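Colleague: The following block contains the structure, expressed as structure tokens.
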Amino acid sequence: MVTTASTYLFEATQKRFFFKNVSILIPENWEGSPEYKRPKHESYEQADVRVAAPALPGRDEPYTRQFTECGEKAEYIHFTPDFVLGKKQNEYGPSGRLFVHEWAHLRWGVFDEYNEEKPFYSGKSKKIEATRCSTGITGKNSVYKCQGGSCITRSCKRNSTTNLYEKDCQFFPNKVQTEKASIMFMQSIDSVLEFCNAENHNQEAPSLQNIKCNYRSTWEIISNSEDFKNTTPMTAPPPPPVFSLLRISERILCLVLDKSGSMSSSTRLNRMNQAAKYFLLQTVENGSWVGMVHFDSEASVKSELIQIKGDSEKNKLLESLPTRASGGTSICSGIEAVIEKLNAQIDGSEIVLLTDGEDSTTGSCAKAVKQSGAVIHLIALGPSAERAVIEMSTETGGKHIYASDNAENNGLIDAFGALTSENADPTQKSLQLESKGLTLDNDTWMNDTVIIDSTVGKDTFFLVTWEKQPPSISLWNPNGTLTEAFTQDTVSKMAYLSIPGTAQVGTWTYSLQAKATETLTITVTSRAASSSVPPITVNAKMNKDTNSFPSPMIVYAQVLQGYLPILGASVTAIIESNSGKIEVLELLDNGAGADTFKDDGVYSRYFTSYSENGRYNLKVRAHGGTDSARRSLQYPLNRAAYIPGWVVDGVIEGNSSRPETTEDTQTILENFSRTASGGAFVVSQVPDSTNVSLPDLFPPSQITDLDATSEGDQINLTWTAPGDDFDVGTVREYIIRISGNITDLRDNFDDALQVNTTNLSPKEANSKETFAFKPGNISEENITHIFIAIQSVDKSNLTSKVSNIAQVALFIPQHSPASPPSLPTSQLLIPFLY
């Protein structure tokens, strides 16, 4: 598959790109072989392609998990075992060609040139056309039905509401074609060897590529990428890919802990020990090998590698934690001590480095670290962190997490909780159900509940920390029974309780009473209740690691059960600045503003509330309430095109129907709650706002879901309201313009005919807007469509990008030679809009 894909990709990209090195990560439970090597920085979570069971039985459609903006790298490609084994070539075509289609999604952020929700449109030809690129692809529009052993083919009927074809109508391409484009439409056609470009791109079609990429062709997006800019065409054929077979083995990890003098301030040393104990007691997986190194101005190995099998190994490591902070800071000494100790076992080993200080000498070991094969995870405590270590972490595939000195935010414990193995089965990972803190006065209470849903419950762990005196702790199970007492560790100022077996499903209630004025925190984790049922998970990220004011950031949070999206959850992002200032955002899955697709289980929002320069940390909470959250059974919006059949010598040779679900969403889920760390990001060039407020530099977000219906000679528009600052607040006004030419409207919006919007009062961001108007006379001659777009204006007169372009036909399209003739355009019939 990959070898044939490499050659196909090379020709499709004008001899620029091919697959040079390919690593195949083999599961730990597969039989070993001498040719298998240990992975270095490769992991299942960071793989380009995941080979995994289908999200639902029988649903083998390949797809790319893609929720970022046009031109941005996607998350991963999901292939099922049956697809990789070549069992689905009738339905999806040659696997190597399809791999290139999905690779373009993943690497260059392009979208499909079909649209399963809008498979047909009314073209300038005044005929119903299949959504495709290019229009040179020929075929038949037919209904093909099979029952028992017989199949019936008939012409498509027109839907009287949409004036397009009926729901069961499909486009069947001719088996023999001459058209070379496009790979993002149907790469399975033998003649297709190229991506659509500016010359042959079909701007009329309601394809996802047009909608998401502002009507630009896929080749325009690819040729504008950094990959393209940094390459030139090759003259010789490419070499075949070189494959490395890597087998996942037992996790090897070393804690490298800072015990320098600065760790004695703000209870940092004790908080580090609390978090490290939590990691060893609950987060790290059984079977892992764990060691420990301390460092100040020099390093000392405190524990050789120990394989975690049970409590005795964990307790031995707990005894090795530092008890006193003093001395200078030499980060390299700590890292080099690990590299020297691990030696032959270094490939793929993980170094968890926790430090609170800067060390100008860190660059001296950067090259050795990058060449070693180790993965560096950085936990930066406090406002200072050495940039060289951040670069080490990024370049070795590690995580970079920031924790402030504000204990109430529970940042250190969250940071260690995020360090589950990237190769472990999801059912074996520790999941965080709750993480919160509160500063209380003496004798006051912290009362709340924790939900344990049926997908988790194994190894459930409650952890409470304090700063001064042990609080009174009470915990009741869903039946109202008081649990046994917590184990207290007065030295580390923490108490914990492990629930034996599988914890009871339902709402657990806790009460913590402070015995002094101080900060208390509670953390609750659990694992999947069953290895055969994937748990509900949440993971979060920002759209980039570094940013400059006033460019916005985007927060993304995925809520999934296995590969199935969870819809209707309440998801909030907590963003903490260097100085501890907190910003809370409600994330939305509404397909507007920062959210690319509605109802895909990805909740998004713009972040612009920059308070200072430096690091910010992201944490996300997801909560599903009864009667709200539900499991989506919808197919991925950008799944691979299914070949319904081919037209051979004028006759349709059909495939079996694509397996589909009979409903879009499954039964309502029970209550659930999850929290997750989304890592850190750095912002620069934020003006000092100590004595003056920051200027308004944030325009409204682009409207991306403009839609309409027609009613007589009136057009009814609907869209989601943007905000004064991207997706927050209320815009001042909308500018709606129309044109008979889609390119003119896109490129010369200000010159197009403006619609009177005097009576249109904008609503608050994320509200549904509606507006009706009569288009009147357009001066352009021989127009077949009216194209419509909107621009928003805020109170500072900043304007948004022009919206997606909606269009309406001025005729009833022909669908067969027997169709009635088109009505003259002067009658201005507006039967539909897509």
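The values are calculated or read from the model by the stated rules, or taken from the named source; none is laboratory data. Note that the structure is a prediction, hence the values are computed from the model and not measured. Neighbour counts run over all protein chains shown; Cβ positions are idealised from the backbone, glycine included. Surface areas here come from the heavy atoms of the whole protein model, side chains and all, with no ligands, DNA or RNA. Shrake-Rupley method; radii C 1.70, N 1.55, O 1.52, S 1.80 Å.
Colleague: Quick check, is residue 427 closer than 26 Å to residue 671 by Cα and crowded, with 20+ Cβ neighbours inside 10 Å? Show your work before the answer.
Modeller: Details: closer than 26 Å to residue 671 by Cα: yes; crowded, with 20+ Cβ neighbours inside 10 Å: no.
Answer is no for this residue.
Colleague: Let me ask something additional. With respect to residue 524, is the statement that it is in contact with a Lys or Arg (Cβ under 6 Å, 6 or more places away or on another chain) and part of a strand (DSSP E or B) true? Before you say what the answer is, go through the steps one by one.
Modeller: Working: in contact with a Lys or Arg (Cβ under 6 Å, 6 or more places away or on another chain): no; part of a strand (DSSP E or B): yes.
So residue 524 fails the test.
Colleague: Right, next: Determine, yes or no, whether residue 433 is out of contact with any Lys or Arg (no Cβ under 7 Å at 6 or more places or on another chain), open to solvent by less than 20 Å² (accessible area, probe 1.4 Å) and outside any helix (DSSP H, G or I). Even if it seems obvious, please write down each step before you answer.
Modeller: On the way: out of contact with any Lys or Arg (no Cβ under 7 Å at 6 or more places or on another chain): no; open to solvent by less than 20 Å² (accessible area, probe 1.4 Å): yes; outside any helix (DSSP H, G or I): yes.
So residue 433 fails the test.
Colleague: Answer with yes or no whether residue 309 is over 19 Å from residue 615 (Cα atoms) and open to solvent by 50 Å² or more (accessible area, probe 1.4 Å). Step through it out loud before you land on a result.
Modeller: On the way: over 19 Å from residue 615 (Cα atoms): yes; open to solvent by 50 Å² or more (accessible area, probe 1.4 Å): yes.
Taking the combined requirement at face value, the residue satisfies it.
Colleague: Which one of these does residue 56 not meet: (1) modelled with pLDDT under 95; (2) closer than 27 Å to residue 181 by Cβ?
Modeller: (2)
Colleague: Another question, then. Look through 142, 150, 155 and report the one residue that is among the small types (Gly, Ala, Ser) and crowded, with 19+ Cβ neighbours inside 10 Å.
Modeller: Working: 150 fails: crowded, with 19+ Cβ neighbours inside 10 Å; 155 fails: crowded, with 19+ Cβ neighbours inside 10 Å.
None of the other options fit; the residue is 142.
Colleague: Scan segment 576-619 for residues that are open to solvent by 20 Å² or more (accessible area, probe 1.4 Å) and aromatic (Phe, Trp, Tyr) and jot them down.
Modeller: Answer for segment 576-619, where residues must be open to solvent by 20 Å² or more (accessible area, probe 1.4 Å) and aromatic (Phe, Trp, Tyr): just 606.
Colleague: If you don't mind, there's one more thing I want to ask. Determine whether segment 347-358 contains at least one residue that is among the charged types (D, E, K, R), crowded, with 22+ Cβ neighbours inside 10 Å and within 30 Å of residue 267 (Cβ to Cβ).
Modeller: Initial filter on segment 347-358 (among the charged types (D, E, K, R)): 347, 350, 356, 358.
Still in the running and crowded, with 22+ Cβ neighbours inside 10 Å: 350, 356.
Now drop any that are not within 30 Å of residue 267 (Cβ to Cβ), which leaves 350, 356.
Checked against the condition, which is being among the charged types (D, E, K, R), crowded, with 22+ Cβ neighbours inside 10 Å and within 30 Å of residue 267 (Cβ to Cβ), segment 347-358 yields at least one hit.
Colleague: I'd like to verify a number: residues in segment 131-167 that are in a strand (DSSP E or B) and under 13 Å from residue 121 (Cα atoms), how many? Let's see the steps before the verdict.
Modeller: Applying the first criterion (in a strand (DSSP E or B)) to segment 131-167 yields 139-147, 150-155, 158, 165.
Narrowing the set further to residues that are under 13 Å from residue 121 (Cα atoms) leaves 141, 158, 165.
Qualifying residue count, segment 131-167: 3.
Colleague: Still on this model: Go through segment 322-334 and give me each residue that's open to solvent by less than 20 Å² (accessible area, probe 1.4 Å) and either small (Gly, Ala, Ser) or touching a Cys at 6+ places or on another chain (Cβ under 6 Å) (or both). Outline the logic, then answer.
Modeller: First, pick out the residues of segment 322-334 that are open to solvent by less than 20 Å² (accessible area, probe 1.4 Å): 322, 331-332, 334.
Scanning segment 322-334 gives 332, 334.
Colleague: Can you find a residue in segment 269-279 that is farther than 22 Å from residue 457 by Cα, surrounded by 21 or more Cβ atoms within 10 Å (Cβ to Cβ) and of a type in the set (Lys, Arg)?
Modeller: Yes.
Colleague: Then there's this: How many of the residues making up segment 373-397 are open to solvent by 10 Å² or more (accessible area, probe 1.4 Å) and over 15 Å from residue 334 (Cβ atoms)?
Modeller: Qualifying residue count for the region: 9.
Colleague: So which residues in segment 349-372 are without any contact (Cβ under 8 Å) to a residue 60 or more places away in the chain and assigned to a loop (DSSP other than H, G, I, E, B)?
Modeller: Residues of segment 349-372 without any contact (Cβ under 8 Å) to a residue 60 or more places away in the chain: 358-372.
Hits for segment 349-372 are 358, 359, 360, 361.
Colleague: Among the numbered criteria (1) touching an Asp or Glu at 6+ places or on another chain (Cβ under 7 Å); (2) within 18 Å of residue 432 (Cα to Cα); (3) of a type outside the set (Lys, Arg); (4) open to solvent by 20 Å² or more (accessible area, probe 1.4 Å), which single criterion is violated by residue 513?
Modeller: Unmet for residue 513, out of (1) touching an Asp or Glu at 6+ places or on another chain (Cβ under 7 Å); (2) within 18 Å of residue 432 (Cα to Cα); (3) of a type outside the set (Lys, Arg); (4) open to solvent by 20 Å² or more (accessible area, probe 1.4 Å): (2).
Colleague: Quick one: how many residues across segment 73-83 are out of contact with any Pro (no Cβ under 9 Å at 6 or more places or on another chain) and buried (at least 16 other Cβ atoms within 10 Å of the Cβ)?
Modeller: Final tally of qualifying residues: 3.
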